[in-house]
1. Taking the chain as a Gaussian network, where each spring joins two C-alpha atoms under 10 Å apart, which residue of L35, L106, L183 fluctuates the most?
2. Quick one: net charge around P268, please, counting Lys, Arg +1 and Asp, Glu -1 for every other residue with C-beta under 15 Å from its C-beta.
3. Packing-wise, with mean Cβ within 10 Å as the measure, how do 57-64, 14-21, 154-161 rank, highest first?
4. Pick out which of G239, G140, G41 has the largest mean-square fluctuation in a Gaussian network model of the chain, springs linking Cα atoms closer than 10 Å.
5. Hey, how many Å between the Cα centroid of the stretch 233-255 and the Cα centroid of the stretch 15-57?
6. Under a point spin-label approximation (7 Å from Cα along Cα-to-Cβ), what is the R228-S310 distance to one decimal in nm?
7. Arrange the following residues from fewest to most other Cβ atoms within 10 Å of their Cβ: H253, H28, H93.
8. For a Förster distance of 25 Å, can you work out the FRET efficiency between the beta-carbons of Y13 and R107, rounded to the nearest 0.05?
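Just so you know, all these numbers are worked out from the coordinates, no wet-lab data involved. Keep in mind that what you see is a predicted model, and the values were worked out from it rather than measured. With ideal geometry, Cβ positions are generated from the backbone for all residues, glycine too; neighbour counts draw on all protein chains shown.
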Amino acid sequence: MASVELRNLVKRYGDVPAVDNVSLRIEHGLLVCLLGPSGCGKTTTLRLIAGFIEPTEGEIQVGDRVVSSPARTLPPEQRKMSMIFQSYALWPHMTVRENVAYGLQLRKMDRATIARKVDAILATMRLEKLAERYPGELSGGQQQRVALARALIVEPETLLLDEPLSNLDANLREEMRFEVRRLHDEYRYTTVYVTHDQSEAMTTADLICVMNAGKIEQTGTPEDIYYRPRSEFVARFIGSSNVVRGKALDADHVEIGGVPLRCTGETPTPGKEVPISVRQHDIRLLTAPPDLLENVVPATVIRQVFLGGSRDYMVELPGGAQLRVVTQAEQSVPPGSAVWLHLPPERCRALAG
Ligand code: ADP
Ligand code: MG
């Protein structure tokens, strides 16, 4: 049982920090996703954890042992970790069975034990019938399962996955997300899963770390990240959010389009400009001004499109800010109409400015 802890981790190439003061503690048995756009430092963080590269500053502790520091880095093969690369990196001249057995042969296990363990994991991964094939004779999804089998057969304490599904087509990618999660639950290792795909992170992770420019912007459960973004970057990256700027009136009211909106989230400083986020489908679009509701802003419909399952509006507030609103498909209001938007207070998030 080993937790993984990153403490003030920095990796610089020249002057540029690829990883910029990252701290994170992952309890044993959790599946944590590093989620962020290309170039934000995900792969570098994973390679630091694996021990392929050394930190410029900071350290990594696994269980009660420091495995990485600028002074000393334990080699990858002594870390009880398996890493799966984006390209899978299967050995092309070895069959599926030989690829999977390789890690155990390195450990000098006897042949009967190796054969038994290989058969078991091939069965788990539904690869029995493909055991004598070469990687070049497999589909992307099958190669991915071989890469997983090869990584899991050595019974790692920690599994590191770098965009493991990015080479698969859309259907298989969805199926394999659940497979990754199922295997994690079955074997109970610690998993660090790198992806730029929000829904992949949401389906697989216990915790998501949203990364931006070498830093962790926010760590939380999928629900936290989705419902309670703390920064504009997280709100925008997780998608389907409007971010508009208003003026903070007091600790929990922000003026948007001339109307004081009650907000949750960060506590803004009165008088300061503050960004707020609200999701497209959390806004109610009304065609008459309601009597009693708070958090109602007048607006004008700019355009709307019918998307089959829903209708997508662009509306403009007094002052010119534009918002996207998703409504039921049946609710059709023509462009130019005056409407009223209800923005539920618990869904209006004041963000860090
Ligand atoms: P991600 O996996 O999130 O796409 P990376 O960790 O691969 O991002 O890269 C983070 C940043 O560090 C990028 O700007 C990348 O160009 C830079 N970088 C990564 N590896 C090296 C390297 N070996 N030498 C120089 N720059 C690097
Ligand atoms: Mg990468």
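1. Comparing L35, L106, L183 in a Gaussian network model of the chain, the most mobile one is L106.
2. Taking every Cβ under 15 Å from that of P268, the sum is 0.
3. Averaged packing, sorted descending, gives the order 154-161, 57-64, 14-21.
4. Ranking G239, G140, G41 by mean-square fluctuation puts G239 first.
5. 28
6. Each label point is offset 7 Å from its Cα along the Cβ direction, giving 2.3 nm.
7. Ranked by crowding around the Cβ, least crowded first: H93, H28, H253.
8. Working from the Cβ atoms, E equals 0.15.
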